[in-house]
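Each value in this text was obtained by applying a stated rule to the coordinates, not by laboratory testing. Because the structure is a prediction, the values reported are computed rather than measured. Glycine gets a Cβ as well: all are built from the backbone with ideal geometry, and neighbour counts include every protein chain shown.
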Amino acid sequence: MQEELGILIQAQYPLIYLLTSEEERAEQTIAQIAQNPEIAQNQSQGKSPRRLFIWTVTHGMVEYGQARNTNHHNTVSPEAAIQWVVHQREPGIYVFKDLHPFIDSPPVTRSLRDAIASFKTSQKTIILMSPEAAQRIPVELEKEVAVVDYPLPNIAELDDVLSEQVNGQRNRQLTPEVREKLLKAALGLTRDEAQKVYRKAKVTAGRLSDGEVDVILSEKKQLIRRNGILEYMDVDDTIDSVGGLEELKVWLQQRDNAFSEKAREYGLPQPKGMLILGVPGCGKSLIAKTTSRLWGLPLLRLDMGRVYDGSMVGRSEANLRSALKTAESISPAILFIDEMDKAFAGGAGSADSDGGTSSRIFGSFLTWMQEKTSPVFVLATANRVERLPGEFLRKGRFDEIFFVDLPNAEERKDIFRIHLSKRRHDIDRFDLDQLASVCDGFSGAEIEQAIVAAMYEAFAQGREFTQLDIIASSRATQPLSKTMHEQVTALRDWARQRARPAAASVAEYQRLEF
C-alpha cells in the first residue's frame, strides 16, 4: 500500500481518499513517503523532504511532528484550511482527517475543486483520511479523487508487535508453531488492537503461549459484533458429537492443517469451501460448527436477512461487501451460510420483485467466491437443491459437494449413543439395536426429539425415562421421510450421480460399483 500511495503522490494526483481507522499508523506511512527522495521537492542545493501537515476540525492545520497548540491561524473550518493550502507556495502533503461529513457541502466541494485546479502547477496533494467512505462523493469530485484502502497489519508487522511483547516476559522462546498460531489469531486486528490483546493474554496467563489463542480470538468477536451482519458463533461440540458421516469426517480431518504455512510450502492451495446438501435434520449445521472446532478457526455466520436493506439504493450490496471484507480481515476463518437455497433462491431473476437487488447480491457473491485469495472457507448448507442457481454447483466454487442422507441402522445407533450419553452417564440399560430399528427413516434431529419427548413424559410422572418411553414417543412421530417422501426421494435421485456421499458405507459401495 505504501508503494501505491507513493506512486499516486509522485504522479501528482491532487486528491486521495484514504480509508483507514489507524490514523497513527497511516500518518507514519505518509511521513515515510514524504521523506522519499523520489517525491521530494526540488531545491537549488538538492532535494529535501516534502512538508507534511495534518488537519482536524478541533485543532486546525498542524505540521506533522509539532505540538497541537502550534496550529496555523484560522484554519479550523474546512473551507479556511483548504484556502490556506492553496496559498502555500512550497510543495507539501496535506492530510485532512474526518472530512467526510463536510465533503458534500457546496462551499467545501467548491474549495476542493479550486484547490485541485491550483495544484496543476505545484506539487501538492490533499489526502482525505477517514475510517469510512463518504455516503456519496460529490459528482464534481468523482473524476478527481483516487480511493485507496489502507490495509490492516500483515503477518510481518504483527510479528514485530508480538516480538515486543515476548521480549518483556521471562521465557522469551516461542516455538515456530506457537508463534504462527498467535500471529494468525491476531490477523484482522489493527496494530493497537493486537498490542492490547497480546498484553491481555500476558496478564491472563502470565506469559504468551498457544493456550492464549482463545483470548485473542475474543477480540475478534468484538469486531464481528460491531459489524452487525456477521455473527460469531461459539462452538462447544467436537467432531465426535456427529453420528456417522465417516466419509465427510475423513475429508475434514485431512484438511486439519490446510491453512498452515507448512501446507503452503508443500504446494497445496488453500481450501475454498464445501457445500453440504441433504435431508433436513441430518446434521448439516452441526458439521459446520464442529469443523470450526476441528480446524481451530473462528466460525462466522452470514445472515442474508441482515444483508438485504431496502432503506437506500445500493445499501444491500454495501452490506454484503462490508460483511465479506470483515470476514477476510479476520481470516483464516469459516464463513457459514445456512440454507443457502433460501438465501439465493431469487437471485436468477429478481428484476420484477426487488428491482434486481437479489441478482446483484448473487453476482457479487459469486465473483467474490471465484476471485478471493484470502483464506476464508465457505461452508454452505442446502435442503432444496433445485432452488440453487446452477452457477453455485459448478466446479471451482466449492472444493466438494457432499450429500447427507438419512442415517442407516448403524448410524442411528451411534446417534442414540451420543444423545443418551449427553443426558445420562449409564446408558447400558438401553437396547440401542432395538431403538435404531424402531426409528427407521428418522433423521438425527427427530431421534433427539424422540428422546426429549420421552424424558418429558417420564418427568411429568415423576420417574426415570425408559426404553419403552422412547419407543412410544418414536411411534407417535411421523418422520419427515414419510411426510415429504416425494421431496426426499427427488433429492436422493439428484445427489446419487452429482454429489459425494457423506456416509462411509454408501461411498464404499459406489467405489466398488465403479
Could you tell me the largest-minus-smallest coordinate of the C-alpha atoms of region 356-421 on each of the three principal axes, in descending order and whole angstroms?
47, 28, 21
Could you work out how far helix 504-513 tilts from the main Cα principal axis of the chain, as a 0 to 90 degree angle to the nearest 10?
80 degrees
Reported to two decimal places, what Rg/Rh ratio describes the chain when computed on Cα atoms with Rh from the Kirkwood expression?
1.08
To the nearest 10 degrees, the tilt of helix 284-295 (Cα long axis) against the first principal axis of the alpha carbons of the chain is 60 degrees
Using a 10 Å cut-off around each Cβ, can you sort M233, M369 from fewest to most neighbouring Cβ atoms?
M233, M369
Amide H contacts under 5 Å for D399, restricted to residues at least 5 apart in sequence or on another chain and with H modeled in the peptide plane, are K272, G273, M274
Once both axes come from the Cα atoms, what is the angle between helix 191-205 and the longest principal axis of the chain, in degrees from 0 to 90, rounded to 10?
50 degrees
How big is the antiparallel share of DSSP beta bridges in the chain, given as a percent to the nearest 5?
20 percent
Return the sequence-ordered ³J(HN,Hα) values of region 455-468 in whole Hz as given by the Karplus equation 6.51 cos²θ - 1.76 cosθ + 1.60 applied to θ = phi - 60°, using x for Gly and Pro.
5, 4, 4, 6, 4, 5, 9, x, 9, 7, 6, 10, 4, 5
Just for region 2-149, what percent of DSSP beta bridges are antiparallel, to the closest 5?
25 percent
Estimated vicinal HN-Hα couplings, Hz - region 429-446 in sequence order (Karplus 6.51, -1.76, 1.60; Gly, Pro = x)
6, 9, 8, 5, 4, 5, 4, 5, 5, 5, 9, 4, x, 7, 8, x, 5, 6
Non-local residues with an amide H under 5 Å from the amide H of V95, with H modelled 1.01 Å from N and Pro and chain starts lacking one, are F53, I54, W55, I127
Summing +1 per Lys or Arg and -1 per Asp or Glu among the other residues with Cβ less than 12 Å from Q370's Cβ gives +3
For region 233-404: rounded, prolate or oblate by the Cα gyration tensor [a/c cutoff 1.5]:
prolate
Tell me, rounded to the nearest percent, the portion of alpha carbon pairs in region 389-514 spaced more than 16 Å apart.
68 percent
For the chain, what does -39500 (n - 2.57) per DSSP helix run (n ≥ 4), summed and divided by total residues, give at 222 nm, in deg cm²/dmol to the nearest 500?
-14000 deg cm²/dmol
Among all the lysines, which ones have a C-alpha under 16 Å from K422's C-alpha, if same-chain residues fewer than 8 places away are not counted?
K413
DSSP beta bridges in region 233-404: the antiparallel percent, rounded to 5, is 5 percent
So if R0 is 30 Å, what FRET efficiency would D431 and V250 give, r being the distance between their Cβ atoms, rounded to the nearest 0.05?
0.50
What fraction, in whole percent, of alpha-carbon pairs in region 50-168 exceed 18 Å separation?
57 percent
When Rg is the radius of gyration of the Cα atoms in region 369-457 and Rh is its Kirkwood radius, what does Rg/Rh come to?
1.15
Relative contact order computed over the chain (Cα-Cα under 8 Å; 6+ residues apart), in percent:
12 percent
Once the dipole of the chain is set up with Lys and Arg at +1 and Asp and Glu at -1 on Cβ about the Cα centre, which of P153, L15, S122 lies farthest towards its positive end?
S122
Calculate the FRET efficiency for E400 and I7 from the Cβ-Cβ distance with a Förster distance of 45 Å, rounded to the nearest 0.05.
0.60
Given unit charges at Cβ for Lys, Arg (+) and Asp, Glu (-), the dipole magnitude of the chain about its Cα centre in debye, nearest 20, is 880 debye
What number do you get for region 235-292 when its Cα radius of gyration is normalised by 2.2 N^0.38 Å, N = residues?
1.25
Give me a comma-separated list of calculated 3J(HN,Hα) values for region 399-404, in order, Karplus coefficients 6.51, -1.76, 1.60 applied at θ = phi - 60°, integers in Hz, x for any Gly or Pro.
5, 7, 10, 9, 10, 9
Setting aside same-chain residues fewer than 8 positions from K120, which lysines have a Cα under 18 Å from its Cα?
K143
